[in-house]
Amino acid sequence: MNFEEFLNIIYLLKLLYEVEPKVFRKTVDLGDMCFEQDDGYYYDSLYEMALEISDSLFAYAWSEYYDRRGMSITVFSDPLIEEYYRLAGEYGKAKGIAEADNLYFTQAEEEMRRNFNFSYSMDWLLKGYAEPKRPYQSRFALFIYEDGYVDICGVTVGLVRTYQFFRENVQEMREMLSRKEETAA
Amino acid sequence: MKINLDRLRKELGNAPAYVLPEKGDGYLYAYERLYRPFMQGREISLGALDFEAFSSEDVLDLSVDYHGRFFSDLAQLDSIKWALRKTAPLPAAVPFL
């Protein structure tokens, strides 16, 4: 293991500890984790931990592997994501802004690019609906192709950061819209 | 092995001076408890870390410094070690060494 790999693991754990300590306590067992330079590390247990974190962050996580296409698709959704787009829609209506010009819609796309555009073997898709017609309709999907290497730590960091983004912005939009209502009253 | 002391002094003089990073407590904790033991080949137990003592930003800062500064310092030290290994011995006329 080199220092970069080691630091990536530390960053993932610390970020999760800050963003969602409940998931950290549920999924991370620090007791067995010892690392040393130039020593093999327990890739399997790290991989399992990263998968468990990924499954535990968002309320909805569905995964399918397509053998013929050599790819896996994982779909994530959460009440936070639904709330984000619902509030973004309210903001757009209040300002008379179309979705295409709504900065909250574009900011979410930008956040996805920042978090998941690190491998040629991975794609993503984000769908947000201000007025969804069914539960978990606002969602994002990750497409991972087996022809290349995608760092599971990197994906999990991206998921934690994405979760943090939606949570912080939902809070911000709620406060902003509530201030507008108070002003209007 | 006979060592060329003049060359040793010269190469040591070229070694980068250690400058304590001017960073916050969290960064210094990560530096002392993660970077230094890792570079010294010591085992690091994550269970012994205090996750309240540093932030994720401190880890990112450490990563930036590693790539930007420490890496080049380590590379320079490696080339000094390599040069020392290739140091020519003193002539046989100096038997006391």
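The values are calculated or read from the model by the stated rules, or taken from the named source; none is laboratory data. All figures in this text were calculated on a predicted structure; none of them were measured in a lab. Here the Cβ is made from the backbone with ideal geometry for all residues, glycine too, and neighbour counts use every protein chain on show.
The combined condition, being more than 9 Å from chain B (Cβ to nearest Cβ), within 25 Å of residue A:129 (Cα to Cα), surrounded by 13 or more Cβ atoms within 10 Å (Cβ to Cβ) and acidic (Asp, Glu), is not fulfilled by residue A:52.
Per the listing A:24, A:6, the residue uniquely more than 19 Å from the chain's Cα centre (by Cα), surrounded by 12 or more Cβ atoms within 10 Å (Cβ to Cβ) and at pLDDT below 95 is A:6. Considering segment A:66-118, and only residues there that are among the small types (Gly, Ala, Ser) and touching a strand residue (DSSP E or B) at 6+ places or on another chain (Cβ under 7 Å), the residue that is nearest to residue A:56 (Cα to Cα) turns out to be A:77. Taking the criterion of being in contact with a strand residue (DSSP E or B) (Cβ under 8 Å, 6 or more places away or on another chain) and among the hydroxyl-bearing types (Ser, Thr, Tyr), the only residue of segment B:31-74 that qualifies is B:45. The numbered conditions (1) surrounded by 12 or more Cβ atoms within 10 Å (Cβ to Cβ); (2) of a type outside the set (Phe, Trp, Tyr); (3) within 27 Å of residue A:160 (Cβ to Cβ) are all true for residue A:64 except (1).
Of all the criteria given as (1) in contact (Cβ under 8 Å) with a residue 60 or more places away in the chain; (2) under 26 Å from residue A:131 (Cα atoms); (3) of a type in the set (D, E, K, R), the one not satisfied by residue A:86 is (1). Kindly indicate whether any position in segment A:4-23 is away from chain B (no Cβ under 13 Å) and either touching a helix residue (DSSP H, G or I) at 6+ places or on another chain (Cβ under 9 Å) or part of a helix (DSSP H, G or I) (or both). Yes, segment A:4-23 contains at least one residue that is away from chain B (no Cβ under 13 Å) and either touching a helix residue (DSSP H, G or I) at 6+ places or on another chain (Cβ under 9 Å) or part of a helix (DSSP H, G or I) (or both). Evaluation of residue A:116 against the conditions (1) surrounded by fewer than 16 Cβ atoms within 10 Å (Cβ to Cβ); (2) under 14 Å from the mean Cα position of the chain (by Cα) shows that the sole unmet condition is (1).
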